[in-house]
């Protein structure tokens, strides 16, 4: 036994016990940091996917899609609309589409949704 070590009645070496506690604490903190990084990656991926889906919907809205022409293409477009509508509907109720010309509409809800989603992503990642 060296000068810095003490052994008590149960035969526990204080220095080795302290090292074990420090190692366990460091491992626990490391595991917690890994879990937080994983959670941040999941949150970031979710927001990135939603942003991508909204951008695809914006791009698709510029092209006229005939539902009777190509059923596969119509189903893909319908799929994107069904995925993004739950995110866009609240914004569309706040900012209704603007009528442009005779039969066109300009919808600002996807732009507003992208801005709000970007802010929420930053806020959530900042809190984690």
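The values are calculated or read from the model by the stated rules, or taken from the named source; none is laboratory data. These numbers come from a predicted model, not from an experiment. With ideal geometry, Cβ positions are generated from the backbone for all residues, glycine too; neighbour counts draw on all protein chains shown.
The residues listed here are 45, 20; of these, the one that is modelled with pLDDT of 80 or more, out of contact with any strand residue (DSSP E or B) (no Cβ under 8 Å at 6 or more places or on another chain) and surrounded by fewer than 14 Cβ atoms within 10 Å (Cβ to Cβ) is 45.
Within region 90-108, how many residues are touching a residue at least 24 places away in the same chain (Cβ under 8 Å) and farther than 17 Å from residue 63 by Cα? Write out each step before concluding.
Here is the first cut: in region 90-108, the ones touching a residue at least 24 places away in the same chain (Cβ under 8 Å) are 91, 107.
Subsequent filtering for residues that are farther than 17 Å from residue 63 by Cα retains 91.
Looking only at that region, the number is 1.
Residue count for region 114-124 under the criterion of being over 14 Å from residue 46 (Cβ atoms) and in contact (Cβ under 8 Å) with a residue 24 or more places away in the chain: the result is 2. Residues in region 94-122 that are at pLDDT below 80, assigned to a loop (DSSP other than H, G, I, E, B) and out of contact with any strand residue (DSSP E or B) (no Cβ under 7 Å at 6 or more places or on another chain) were compared, and the one that is nearest to residue 64 (Cα to Cα) is 103. Out of 91, 87, 79, one residue alone is farther than 26 Å from residue 41 by Cβ and modelled with pLDDT of 85 or more. It is 91.
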